[in-house]
Amino acid sequence: MIAPRDISLVITGLDPAVPLNELLNSCGLPVSGPGAIDIVVVDEHPAQGWAPAPMPPEGVRVVPGEGRRPAAAFNAGLELARGAFVARLDAGVRPFTSGWLLALLEAMEENTDVGALGCLQIALDARIVNAGRRLVSGLGVTSPRADLGRGENDLGQYDAPRPVDAVSGGLALYRRAALDAIGQLDDSYLTPGLADDDLGVALWTKGWRVLCLGAVKVRVTGAAAIAAAGPVRPDGEDLSYWRERWGFDAQYPDPQQVRRLWGSTPLCRDLGATLVGEAFAAGSYARTAGGDAEHPPVDILIPTFNSRAWLERCLESLADTDYPAVTLTVLDNGSTDDTAEFLQGFGERLAARGKSIGFRSVRIPVNVGYPAGMNWLLSITDAPLVARCDDDIVVPPHWLDHLVGTLRRHPYAGAVAPKVLNYGEPGTLQFGDIRIWPVNNYNHLVPDEGQCDILTRTTHACGACVVYRRRVFEVAGPYDIGFSPSQLDDLDHFIAVRAAGYDILYDGRVAVQHKINSGADRSRKAQSSHAANFGRLTGKWGDNAFEILESSIDRGGRRETFPAG
Amino acid sequence: MTLNPPVGASSAHALDFLLVSEAPAPRLDDCLSHLLPALAAYDGPVTLRLLVPGTPPGGLAGLEAAGDPEHAFRVRLTRVPTWIGRPAAWNWLLTESDAPWVACMTDEVRVPVDALNRLRETLQRQPEALAAGGPMVPIPSGVHRVIYPGDGVVLYRRAAFEVAPQFDIRYTPGSLERLDHAVALGMAGRPVLMDSRVTCGLLGGPRRSAERFEAEMRSGHMKFFGKWGDDILTVMERRIIGELPEAARTAGLVVPMVAPAAPAGARPALEEAA
């Protein structure tokens, strides 16, 4: 049990209009008696006269902090604080969990390697501001997604302590030994909140963990606290300083670069081997389904809906795949044509022709849409690699061997997609190397003269044919069924994959043909559905996600020169 | 899966109750605790058709309680490996359904015990109407002509799914699919009703986050107005007003009720709407 004498509380950000006693009472803090803790108040408004009248309670010490930045104000209080555990309270937030300090102390006591412990910040409209911050990802510190849980309702989903990259300084508990190990908060930053992010990174790199205990909740009320808790919009100087200090770009982070710099530290806990997956890394896949170290088993997954006219040619070409361990699984998504009858006999016809490829089909009574169909197929298959294939593609025999080889040579690539040519017009590109920022460039209908026969990192690829590590779906999650029946479900998932820290590769050295069917509908109904899905995409990831993801690739290396990880 | 034996032969009152649950958590038990008495009170054979992703941990206990002869009705449980969204889930259950009356509901709704008899009687008094819903909050007394039968329990005649066979999966995971379906019924000239006597409630428990819900609604609105046209709600409202007598227009679009033809052995007619 931590004794009260070992606890200090540093209060900053006081509002002259709010008496100190009122603040202390509203926070339920013991300021006198045996349970009293050491309280240091940093007075940033001495000229406005809240102190010494009314006089601060006995045992509360006041240190001047006029004109200082929030981090510097806290550092000033920290110098006076005596406890081995230092709580930090910005007067612009109000804890409303009774026994909040005790809860934080208990969590700190149970986790002896934790250097900082934050809490759940809730806005005045009762939505979550953040449940900790995720900085070391493909989206960086400026994305709204850096704030974990932002905009959600608090349903207790963040109550348990969980590792985060950083916590907001509105209310946090620090271990003195951890702060001593890194010096103090870096007060060089002008941007509200960025010093807290910096502190989190510093702690992780020194081996201290940072947790958010969502069971302790605070309401963010003050203007300064709201600004500090909002999405970080650093100025140029701050960004330069961060890059100089940590070696990677805070705004456009390249996970490959972060791994090279900090791969040996816990800062990369979510960007390291966990992305690759033990099974794939150790080669244990070789024990199943006839795979070997160079040819891990692959599940080719094909949702289909009323595409009988194209399905036969598609499956025939996939069945000719020159790869030793492949299973073809088709989900008949409630087709009303003769797809079911065709699929029933297809497996037998393959066997009769001596094809070694595994085949099965599953029929469901209704169309559940492409993303839900893919999720269904993922749930009933288990190979370490997964190929997502549309029912209207035609592939060359070596496509899978080539793409799996590319994936094996790039351990942090989560997915690889080939060049896509127009079916029936193989001399024209349908999708080459795709850019989604600053302008959309799909190389659509451009003559294929070898200009896209390259290997690049990308953010978006044509979803008609993609090979993934299965691990991707554990780390980045399944497809979002909100993009039903189809359109942009592939891009949405690619962004999730990039945000998780994977690379996505475009390998134009192998080409497949694709007949655009579902995407060719230009009716008002289809176009509004596409526009709605695009709105959903930008609403989900933030308006600047495309810029962040594409810029980080440009800065880190887009083409074959990029590092293999 | 049948947890209790079939009850008699189908009749003109036979009901398929389609219940979908995204997360078979304790809320499903809560929902069933209200729903099972309502099904038991229904004046006709009932099949509860429930679709859930994965295995419902607590829900089966509630369903097994339905084995009580007093609560006897058929239960068909459809398990899917992943969540497919509300429109597809209802479409799935519709493919298995053949009763002349069909009710649709999610596990977020607390249904009153007399809901199904009242809604059926309301529809029987309006032979042209294809759907009647219970509001989620109290509304002025009466049976109202509406564009949308609400988020509570909705009872349909089978013919509703001949006019508009399916819920549109563009609204996956679930936002405006019932509004979209109701508009299809309305545009076919078939009234949709809301009955003030069947006020439902919203159950607690996990649901979509505010941000996610708003994104879904925004996306759903774009799809809805893109499909039907920007002025669809005005068109529908004018159509309803034009079809109602003057007295009904000034009384909150309350529908004048006609007496149903009472089948032999039927319960006494419910009180006339004010």
Would you mention how many residues in the stretch B:174-214 are within 30 Å of A:LYS525 (Cα to Cα) and modelled with pLDDT of 90 or more? 19
Residues being over 14 Å from A:ALA372 (Cβ atoms) and within 11 Å of chain B (Cβ to nearest Cβ): count how many of those fall in the stretch A:474-486. 0
In the set A:ALA352, A:ALA325, the lone residue that is modelled with pLDDT under 95 and either in contact with a Ser or Thr (Cβ under 9 Å, 6 or more places away or on another chain) or aromatic (Phe, Trp, Tyr) (or both) is A:ALA325
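Filter the stretch A:534-545 down to residues that are free of Cβ contacts under 8 Å to residues at least 40 places away in the same chain and more than 9 Å from chain B (Cβ to nearest Cβ) and give me whichever is nearest to A:HIS493 (Cα to Cα). Write out each step before concluding.
First, the residues of the stretch A:534-545 that are free of Cβ contacts under 8 Å to residues at least 40 places away in the same chain: A:535, A:538-539, A:543.
Filter once more, keeping what is more than 9 Å from chain B (Cβ to nearest Cβ): A:538, A:543.
Values: A:THR538: 13, A:ASP543: 16 Å.
Selected residue: A:THR538.
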Among the residues of the stretch B:161-175, write down those that are within 15 Å of B:THR95 (Cβ to Cβ) and facing chain A (nearest Cβ under 9 Å). B:GLN166, B:ILE169
Being more than 14 Å from chain B (Cβ to nearest Cβ), touching a helix residue (DSSP H, G or I) at 6+ places or on another chain (Cβ under 8 Å) and part of a helix (DSSP H, G or I), is that true of even one residue in the stretch A:520-533? no
Candidates A:VAL467, A:VAL510, A:VAL497, filtered to the one that is more than 14 Å from chain B (Cβ to nearest Cβ) and either surrounded by fewer than 22 Cβ atoms within 10 Å (Cβ to Cβ) or more than 28 Å from A:GLY277 (Cα to Cα) (or both): A:VAL510
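Would you check which residues across the stretch A:328-366 are among the β-branched types (Val, Ile, Thr), surrounded by 18 or more Cβ atoms within 10 Å (Cβ to Cβ) and either in a strand (DSSP E or B) or away from chain B (no Cβ under 14 Å) (or both) and list them? I'd like the intermediate steps shown before the answer.
The first filter runs over the stretch A:328-366 and keeps only residues among the β-branched types (Val, Ile, Thr), leaving A:329-330, A:336, A:339, A:357, A:362, A:364, A:366.
Next, from what is left, pick out any that are surrounded by 18 or more Cβ atoms within 10 Å (Cβ to Cβ): A:329-330, A:339, A:357, A:364, A:366.
Correct list: A:THR329, A:VAL330, A:THR339, A:ILE357, A:ILE364.
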Hey, A:GLN184 hits all of (1) at pLDDT below 95; (2) under 22 Å from A:SER137 (Cβ atoms) but one; which does it fall short on? (2)
Which members of the stretch A:288-314 meet the condition of being touching a strand residue (DSSP E or B) at 6+ places or on another chain (Cβ under 8 Å), more than 15 Å from A:VAL467 (Cβ to Cβ), outside any strand (DSSP E or B) and not basic (Lys, Arg)? A:ALA289, A:PHE305, A:LEU311, A:CYS314
Does the stretch B:163-170 contain at least one residue that is free of Cβ contacts under 8 Å to residues at least 12 places away in the same chain, small (Gly, Ala, Ser) and farther than 30 Å from A:ASP125 by Cα? no
Can you confirm whether A:SER317 is farther than 30 Å from A:GLY140 by Cβ, at pLDDT 90 or above and part of a loop (DSSP other than H, G, I, E, B)? no
Hey, A:SER529 hits all of (1) in contact with a Phe, Trp or Tyr (Cβ under 8 Å, 6 or more places away or on another chain); (2) more than 30 Å from A:ASP254 (Cα to Cα); (3) crowded, with 23+ Cβ neighbours inside 10 Å but one; which does it fall short on? (1)
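Among the residues of the stretch A:351-377, what is the count of those that are closer than 23 Å to B:ILE84 by Cβ and in contact with a strand residue (DSSP E or B) (Cβ under 7 Å, 6 or more places away or on another chain)? Even if it seems obvious, please write down each step before you answer.
Taking the stretch A:351-377 as the starting set, the residues that turn out to be closer than 23 Å to B:ILE84 by Cβ are A:360-377.
The next check asks that each one be in contact with a strand residue (DSSP E or B) (Cβ under 7 Å, 6 or more places away or on another chain); those that pass are A:360-364, A:367-368, A:370, A:373-374, A:376-377.
Adding up the residues that qualify gives 12.
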Looking at (1) within 14 Å of chain B (Cβ to nearest Cβ); (2) touching a residue at least 40 places away in the same chain (Cβ under 8 Å), which one does A:ASP125 not meet, given that it meets all the others? (2)
Could you list, in sequence order, all residues of the stretch B:209-224 that are surrounded by fewer than 20 Cβ atoms within 10 Å (Cβ to Cβ) and more than 7 Å from chain A (Cβ to nearest Cβ)? B:ARG212, B:PHE213, B:GLU214, B:MET217, B:HIS221
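Could you look through the stretch A:435-460, keep only residues that are touching a Lys or Arg at 6+ places or on another chain (Cβ under 7 Å) and surrounded by 15 or more Cβ atoms within 10 Å (Cβ to Cβ), and pick out the one that is farthest from A:HIS410 (Cα to Cα)? Steps first, please.
Residues of the stretch A:435-460 touching a Lys or Arg at 6+ places or on another chain (Cβ under 7 Å): A:441, A:452-457, A:459.
Within this subset, residues satisfying the condition of being surrounded by 15 or more Cβ atoms within 10 Å (Cβ to Cβ) are A:452-457, A:459.
Values: A:CYS452: 20, A:ASP453: 18, A:ILE454: 15, A:LEU455: 11, A:THR456: 11, A:ARG457: 11, A:THR459: 16 Å.
Across the stretch A:435-460, the extreme among qualifying residues is A:CYS452.
If you check A:VAL18, A:VAL41, which single one turns out to be of a type in the set (Val, Ile, Thr) and at pLDDT below 85?
Values: A:VAL41 fails: at pLDDT below 85.
Step by step, each of A:VAL18, A:VAL41 is checked, and only A:VAL18 is of a type in the set (Val, Ile, Thr) and at pLDDT below 85.
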In the stretch A:277-287, the residues that are touching a helix residue (DSSP H, G or I) at 6+ places or on another chain (Cβ under 7 Å) and either at pLDDT 65 or above or in a loop (DSSP other than H, G, I, E, B) (or both): A:GLY277
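Scanning for something hydroxyl-bearing (Ser, Thr, Tyr) and either under 21 Å from the mean Cα position of the chain (by Cα) or within 14 Å of another protein chain (Cβ to nearest Cβ) (or both), does the stretch A:436-457 turn up at least one residue?
Narrowing the stretch A:436-457 to residues hydroxyl-bearing (Ser, Thr, Tyr): A:442, A:456.
Remaining after also requiring either under 21 Å from the mean Cα position of the chain (by Cα) or within 14 Å of another protein chain (Cβ to nearest Cβ) (or both): none.
No, that holds for no residue.
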Mind listing whichever residues of the stretch A:46-87 are exposed (fewer than 15 other Cβ atoms within 10 Å of the Cβ), modelled with pLDDT under 75 and over 26 Å from A:MET1 (Cβ atoms)? A:PRO46, A:ALA47, A:GLN48, A:GLY49, A:PRO52, A:ALA53, A:PRO54, A:MET55, A:GLU66, A:GLY67
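Looking at the stretch A:367-391 only, could you name the residues that are in contact (Cβ under 8 Å) with a residue 12 or more places away in the chain and either part of a helix (DSSP H, G or I) or surrounded by fewer than 21 Cβ atoms within 10 Å (Cβ to Cβ) (or both)? Steps first, answer last, please.
Of the residues in the stretch A:367-391, the ones in contact (Cβ under 8 Å) with a residue 12 or more places away in the chain are A:367-378, A:380-391.
Across the stretch A:367-391, the qualifying residues are A:TYR370, A:PRO371, A:ALA372, A:GLY373, A:MET374, A:ASN375, A:TRP376, A:LEU377, A:LEU378, A:ILE380, A:THR381, A:ASP382.
The values are calculated or read from the model by the stated rules, or taken from the named source; none is laboratory data. Since the structure is predicted, the reported quantities are computational estimates derived from the model, not experimental observations. We place every Cβ from the backbone using ideal geometry, glycine too, and count neighbours over all the protein chains shown.
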